[in-house]
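*Asks:* This is the structure, below, for whatever I ask next.
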Amino acid sequence: MKNHSLGGRLWFVLILFGLVGQIAWSVENIYFNLFIYNTISKSTSSVTLMVQLSGIVATFTTLIAGILSDKLGNRKYFISLGYLFWGLLTLSFAFVSKENTSNWFGISDESQIITLTIAIVITLDCIMTAFGSTSNDAAFNAFVTDNTGNARSLAEGVLSAMPLIAMLIVAGGFGMIVTAFGYPGLFVGVGTLMSLSGILGLWVIQDHPNLTKQNSNFIGDLLYGFKLSVILNHKRLYLYFLAMGIYGIASQIYMPYLIIFMQEYLSFNAIQYSIVLACVILGASFITIFLGKQFDGKNKDKLLIQYSFLYILGMISLYIVSKFLKGYDTNLVMIFVGFTSLILITGFVLVLALLGAQIRDFTPIENTGKLQGIRMIFFVLIPMFIGPMIGQKINESTNLTYIDPTNGSIAHVPSPEIFITGAVFCLLIFYPLTLIRKGNLN
């Protein structure tokens, strides 16, 4: 019999920290990219480097923080203090600009100023990511696994809609903040929200009563998820990890460049791409939350295959529309891009929700923290290192460029080929999903 009662306090914690965390990641994934591209240098290679280094930091931080939260038997302080400092680091970006770099370091050469400013942004981003991964990827994800029990698919469905809701808030509403107050106003507002959430967490978060300190060897815990015996004893879990890695690479081929693509290739202005994203995200959110309630009791592995096809179809259809309708009436292009993006984003989030639920279900509860880092290797490190690198190569090979009016340098425009490449790569996901469907796995 199903029991979806998690309690009002727990739902408040899940929604608050799930949403605020995703708003923070969305600001990083959308506006940090635009911040570099629009105010420092029209260089997609700088975006690629930042995404790659951020993924490396996120993974190793999560690996260590997950183990520490297990050993100390505490998620509350890792979440609360992590969000507090995560917010302060986000706020610090309000003071980063080419002008301030020139003043701080006493340099006037434009190329040196750009290089140093990009280095400052990437360094701060990596430090900020370390706090975000500690609090959200390691502690909060372990907290969700600890406390959701037999309502995990419902919780996962709601949490999987959070990135969409956050993207709606950030890409749509936060655009007005940038217009009114510039990027500094955005970073101050978001950083303050995150820090206040961390402070509130000290009062509202309650760890699971069965979570206790573990007297174990740190190095042994660090290497736990890499042991062959662990992999063989949890083959199904690691096949889900592999599927997550394939899905993640396919997504990261286009995701870091999505709004830049709409801005530069499709020539949408901020209002136009905000309208498209708002409609797409609202539609996908409702679909995801509705379907998430139906996941329990269903064959999730069969659903994973079906929604993977949907996701691939979304990438292919967006490629076709972008490739062949460019130059037509903008309103017509917006409608078709919106429809195909709805297919893509719905597939994106449904696959994410199902993979997340299956990974939680097959994660041994006594080793939840130890395996958060392994999850991040497949969820973040591999996708964020390989995916943007492929996307960048595609952008460079298609040779869509223009002259940056601010400094006269050649700027690369993201091309529609990033979507068809993501679709082709995503076909690999059917290998681990087919092995799982055949059964005979732990």
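*Asks:* Please give the length that would be gained between Leu88 and Leu310 if that part of the chain were fully extended, namely 0.36 nm times their separation in residues minus their C-alpha to C-alpha distance (nm, one decimal).
*Replies:* Full-extension gain reported as 76.0 nm.
*Asks:* For the chain, modelled as a Gaussian network with Cα springs under 10 Å, which listed residue fluctuates most, Ile429, Ile30, Ile275?
*Replies:* Ile275
*Asks:* With a/c under 1.5 counting as rounded, go ahead and sort the range 227-441 into rounded, prolate or oblate using the C-alpha gyration tensor (a ≥ b ≥ c being the square roots of the eigenvalues; past the cut-off, prolate if a/b is larger than b/c, else oblate).
*Replies:* prolate
*Asks:* Taking the alpha-carbon set of the range 9-216, what are its Rg and Dmax in Å?
*Replies:* Expressed in Å, the Cα Rg and Dmax of the range 9-216 come to 18.0, 61.
*Asks:* Please go through the residue pairs Lys213/Lys302; Lys213/Lys300; Lys235/Lys300; Lys235/Lys302; Lys326/Lys393; Lys98/Lys326 and name each one whose alpha carbons sit more than 27 Å apart in this structure. Provide the component values of the computation, followed by the final result.
*Replies:* On the way: Lys213/Lys302 38 Å; Lys213/Lys300 34 Å; Lys235/Lys300 17 Å; Lys235/Lys302 18 Å; Lys326/Lys393 22 Å; Lys98/Lys326 34 Å.
Violating the 27 Å Cα-Cα cut-off are Lys213/Lys302; Lys213/Lys300; Lys98/Lys326.
*Asks:* Report the percentage of all Cα-Cα pairs in the range 1-87 whose separation exceeds 19 Å, rounded to a whole percent. Don't jump to the answer; show the numbers that get you there.
*Replies:* Details: 2144 of 3741 pairs.
Considering the range 1-87, 57 percent of its Cα-Cα pairs are separated by more than 19 Å.
*Asks:* Would you mind getting me the FRET efficiency between Leu196 and Trp11? Use the beta-carbon distance for r and R0 = 25 Å, nearest 0.05.
*Replies:* Values: r = 19 Å, r/R0 = 0.78.
Computed FRET efficiency for Leu196 and Trp11 comes out at 0.80.
*Asks:* Where does the charge balance sit around Ile316 when Lys and Arg score +1, Asp and Glu -1, over other residues with C-beta under 14 Å from its C-beta?
*Replies:* With Lys, Arg at +1 and Asp, Glu at -1, the net is 0.
*Asks:* How high is the FRET efficiency between Asp361 and Trp203 when r is their beta carbon distance and R₀ equals 22 Å, given to the nearest 0.05?
*Replies:* So, using R0 = 22 Å, E works out to roughly 0.10.
*Asks:* Sticking with this structure for a sec: Put Ile15, Ile219, Ile114 in order of accessible area, largest first, 1.4 Å probe: what do you get?
*Replies:* Largest to smallest exposure gives the sequence Ile219, Ile15, Ile114.
*Asks:* Can I ask one more? Quick one, could you list the DSSP H helices from the chain stretching 20 Å or more along their long axis (Cα atoms) with average Kyte-Doolittle hydropathy of 0.5 or above?
*Replies:* 8-26, 44-72, 76-92, 110-132, 152-168, 174-204, 235-254, 270-292, 300-325, 330-361
*Asks:* GNM on the chain, C-alpha springs below 10 Å: top fluctuator among Asn33, Asn100, Asn141?
*Replies:* With Cα springs under 10 Å in the chain, the top fluctuation among Asn33, Asn100, Asn141 is at Asn100.
*Asks:* Does the range 240-319 come out rounded, prolate or oblate by the C-alpha gyration tensor, with a ≥ b ≥ c the root eigenvalues, rounded set by a/c under 1.5 and, if not, prolate when a/b is larger than b/c and oblate if not?
*Replies:* In terms of gyration-tensor shape, oblate.
*Asks:* Expressed as cubic angstrom per residue, what is the convex hull volume of the alpha carbon set of the range 79-137?
*Replies:* So the per-residue Cα hull volume is 60 Å³.
*Asks:* A further question on this structure: Keeping all protein chains in place and using 1.4 angstrom, which order do Lys71, Lys323, Lys393 fall into by accessible surface area, from largest down?
*Replies:* Lys393, Lys323, Lys71
*Asks:* Could you check the spin-label model distance between Ser229 and Met176? Points 7 Å from the Cα along Cα→Cβ, value in nm.
*Replies:* In this crude spin-label approximation the distance works out to 5.9 nm.
*Asks:* Residue separation times 0.36 nm, minus the C-alpha to C-alpha distance between Ser267 and Leu428: what's the value?
*Replies:* Length gained between Ser267 and Leu428: 54.7 nm.
*Asks:* Grab the DSSP H runs of the chain that are 4 residues or longer, score each as -39,500 (n - 2.57), total them, divide by all residues and round the 222 nm result to the nearest 500 deg cm²/dmol.
*Replies:* The helix-only estimate for the chain comes to -24500 deg cm²/dmol at 222 nm.
*Asks:* Among Tyr183, Tyr238, Phe12, which residue has its Cα positioned farthest towards the positive end of the charge dipole of the chain, with +1 placed on the Cβ of Lys and Arg, -1 on the Cβ of Asp and Glu, and the dipole taken about the Cα centre?
*Replies:* Tyr238
The values are calculated or read from the model by the stated rules, or taken from the named source; none is laboratory data. Note that the coordinates shown come from a computational prediction; the quantities given were computed from them, not determined experimentally. No Cβ is skipped: glycine too gets one built from the backbone with ideal geometry, and neighbour counts run over all protein chains shown. Quick note on the areas: whole protein, heavy atoms, side chains included, nothing else; ligands and nucleic acids left out. Shrake-Rupley method; radii C 1.70, N 1.55, O 1.52, S 1.80 Å.
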